[in-house]
Each structure stands twice: as C-alpha cells, then as structure tokens.
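The values are calculated or read from the model by the stated rules, or taken from the named source; none is laboratory data. Since the structure is predicted, the reported quantities are computational estimates derived from the model, not experimental observations. Here the Cβ positions follow ideal geometry from the backbone for every residue, glycine too, while neighbour counts run over all protein chains shown.
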C-alpha cells in the first residue's frame, strides 16, 4: 500500500486497459538471424561483419554493434579477413555471394528461409520460360534481393492494383507471380486477384509467399483494432511488416494507429483521451520495447493488460551448420 506524505493528496490515475496482441514481435526468421550474429560472435570472436542491417530495428542493431558486429552497406567496405561475413534476413542478389566467393569470404547466410523459398520459386519459374511478376515495394531489401536472383529484365515489379491493371506481359501464356513476404494480406489479395482475372493461366506459389508471421500479426491486429481508442505498433520506420500493421489497424476501424520505435517517442499531448489502447510489435521488434511502452503508460495510468491471442506459433528455423557444429 502506498503511503501518502502528510499534506499531500493521493494521486489517482485514470484506468487504462491495454489489449496486447498475440502473436507479436520476433518471428522465427528474425530470431534466427539475430542468433546467427550472436553465435558467430561467441564462436569466432569480434568483429563479425554484417552486410546491411541484420533486421530492421535500431535497438537490435545497436545491441549487436556493442557486442562486436560491424554493419556495412557493401562487401567492398570489409577488409580482407577470415572473420564471418553475414548476409541479412532480407536476402541478397546473387551478385553478392558471387563477389564474396571471389574474395574467399567466410559467409554465414541469415536470409529468412521463407524469403529463400521465394527466390527458389522465382528461379524455377524463370527456368520454365515464364516471365516473373513480383508483387512488392520498390527499393525494399527483400525486393532487391529477389529481383537480383534473375537476369535484368526477367522480373517485373508490381506495387499497386493500378500497376496490375496496366501491366502488359511479353506472353500472357507464360507468366508467374511471387510476392514479398511482408506485404498487407488484403492489398496483395487484391493485386493477385486482378492478375488472375486478367491472366487466368498465371502460375503462382504452391503456398502463398506472405509469411505465416506477417499473416498472424495482421490478423491479431484486426482482432483488437476496433475495440481500442488507439493502437500502437512497436517497430522501425524501415520495417515493411510494421508499417503494414499500422495500415491494417486503420482499415480495421482504429482511428488512431501509429508506429513507435521507443517509449521515449510517445507524444502524450497528441494522444486522444484514452480508456483503452491496443499494443503490438512488428516481426523485428524485441519484446523489451513492448514492456518499455507498457511501463510508460503505467506511470500515468492505472493499467490492466489483457492478452488477446489469435494464433499460437511454434515455428523454429535452424542456424547454419557451421554454428550448430560448435554445440557438439
């Protein structure tokens, strides 16, 4: 029980219900990528070189940097070394491992297995003589990596429904599509429906490319978005899947949905009157920041937390064998 000093009135906090979406935060691909960097540091010592951000989260990247990871934009920034060189979870164009082989680099590939699946699908369709349509966002590292699996001009990028309607293939009878793994389920479904309506023979993935974690996190947001005064997505502005969660929340009926990197970025003056909030995290955002946000609200409100579970995840991806061998 809190003791109130003489002459002071007790501070009465307004009640606030937090609906905490589940699942949220790290997916198996992100968890694997971070483990690869951490285990490489443990086994081989610092430095470990990482091409691009291992995942799109500043907190994660800064934490790994402190432990001895050196992040570079291109392989040319890495000196001749026997230390590990790690490719990010988003995947890389074929030219990158080719360049690494020429320099005899010791490579650990942290590409998410679900992204690698898209690479293999695109390659298979190309080898079958089909023109590839990639549904995705221009400039995103995953898109750059997927397009870079094939010769220039072999892949056509479709970003919007309008692009799908305007697209003119070389041969309508020899088409296939793949998608970025972190897209909005609803937006992608609309674009794919347009392509299938225009080109009934277009080939697609056996199993949809949008990953299980993206699907689950979007569905979890839909389950709470219409029940809260605002919805906060913990994540980075560079994170495609986090940005999509904000859009999903808005479409699902939440008038105040926004992205938040750290609790220190909360602008209390701009928040509406609150009786309830929704809280989730993108697939590259650590749970420690979710806890940080809950603590920030608990300083101002009498907080109660309800976990709203829409799916349970059991997916785990193994790290490369060069790291698994160290456990023996």
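Residues that are within 12 Å of the chain's Cα centre (by Cα), surrounded by 23 or more Cβ atoms within 10 Å (Cβ to Cβ), assigned to a loop (DSSP other than H, G, I, E, B) and free of Cβ contacts under 8 Å to residues at least 40 places away in the same chain occur at least once in region 205-219. Sort out which residues of region 262-293 are surrounded by fewer than 18 Cβ atoms within 10 Å (Cβ to Cβ) and under 30 Å from residue 112 (Cα atoms), and write them in order of number. Once the filter is applied, which keeps residues that are surrounded by fewer than 18 Cβ atoms within 10 Å (Cβ to Cβ) and under 30 Å from residue 112 (Cα atoms), region 262-293 yields 262, 265, 287, 288, 291, 292. For region 104-113, the count of residues that are surrounded by fewer than 20 Cβ atoms within 10 Å (Cβ to Cβ), within 30 Å of residue 302 (Cβ to Cβ) and at pLDDT 95 or above is zero.
Checked against (1) surrounded by 20 or more Cβ atoms within 10 Å (Cβ to Cβ); (2) under 27 Å from residue 249 (Cβ atoms); (3) within 17 Å of the chain's Cα centre (by Cα), residue 145 passes all but condition (2).
Is it true that residue 41 is farther than 30 Å from residue 135 by Cβ, in the same structural domain as residue 245 (by TED's automatic domain parsing) and touching a residue at least 12 places away in the same chain (Cβ under 8 Å)? Reasoning before the result, please.
Details: farther than 30 Å from residue 135 by Cβ: yes; in the same structural domain as residue 245 (by TED's automatic domain parsing): no; touching a residue at least 12 places away in the same chain (Cβ under 8 Å): yes.
No: the conditions fail for residue 41.
Name, by its number, the condition in (1) modelled with pLDDT of 95 or more; (2) buried (at least 18 other Cβ atoms within 10 Å of the Cβ); (3) in contact with a helix residue (DSSP H, G or I) (Cβ under 8 Å, 6 or more places away or on another chain) that does not hold for residue 53. That leaves (1) as the condition not met. Among the criteria (1) assigned to a loop (DSSP other than H, G, I, E, B); (2) at pLDDT 95 or above; (3) within 24 Å of the chain's Cα centre (by Cα), the one residue 29 does not fulfil is (1). Hey, among 223, 252, which residue is surrounded by fewer than 24 Cβ atoms within 10 Å (Cβ to Cβ), touching a helix residue (DSSP H, G or I) at 6+ places or on another chain (Cβ under 7 Å) and at pLDDT 95 or above? None of the others qualify; the one that does is 252.
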